[in-house]
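Trainee: Input: one structure, supplied below.
The values are calculated or read from the model by the stated rules, or taken from the named source; none is laboratory data. Just so it is clear, the structure is predicted and the values come from calculations on it, not from any experiment. No Cβ is skipped: glycine too gets one built from the backbone with ideal geometry, and neighbour counts run over all protein chains shown.
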Amino acid sequence: MVEGTVKGDRQIGHQVNGRGELIRKTNEGRLEGRFFGLLRRAAVIGLGAGAAGSVGFMLYAGQRVGAPRFLLGLFAMWVVSPFAILAAGHIVSKRWSVLTRATLYVVTSVVTVASSAIYGAAAFGPSRPKTAVFVIVAPASWLLMAIVAIVVAAVGRRTLHRSSRA
């Protein structure tokens, strides 16, 4: 079902997709698509850079305190775990709604910047880096991701429920 009107020099149309969701189509979609693509690329690049930087900061801090290599390996897996979860989300997000994917990209950026800043401050800060920082940041990132996922799922359900009434 497609309905459309013309406003000025742009055409606005509405279409219902297979899941009963209303899709708004405009000639301005290319600009929105470019922004969305830029957001996605920034999140993916940031994901790799954040994971590498966080592990680098952790290894530097571990070297400063003389931590055993085995322990550094375990900590590297721990520090990288939020990035691995986000990477898995990016892989499976192809069929998600635009809102959900945009939220994933924003959360990826927040986790990347916050983790890098916190790990960097811990690694280059006091003469003896605080181990607790490297233990706490990963579960805090998981908690943030879980809370955002729950909120987005609730908003998505509420939006779907409203559109099915109309």
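Trainee: Taking only region 125-136 into account, find how many residues are hydrophobic (A, V, I, L, M, F, W, C), touching a residue at least 12 places away in the same chain (Cβ under 8 Å) and surrounded by fewer than 21 Cβ atoms within 10 Å (Cβ to Cβ).
Mentor: 2
Trainee: All but one of (1) outside any helix (DSSP H, G or I); (2) under 21 Å from GLY37 (Cβ atoms) hold for THR112; which doesn't?
Mentor: Of the numbered conditions (1) outside any helix (DSSP H, G or I); (2) under 21 Å from GLY37 (Cβ atoms), the odd one out for THR112 is (1).
Trainee: Filter region 53-105 down to the residues that are among the basic types (Lys, Arg) and farther than 21 Å from ALA149 by Cα, then identify the one that is surrounded by the most Cβ atoms within 10 Å (Cβ to Cβ).
Mentor: Per the criteria, the residue is ARG64.
Trainee: Give the residue, chosen from GLN11, GLN63, GLN15, that is of a type outside the set (Val, Ile, Thr), farther than 27 Å from VAL152 by Cβ and either outside any helix (DSSP H, G or I) or modelled with pLDDT under 85 (or both).
Mentor: It is GLN11.
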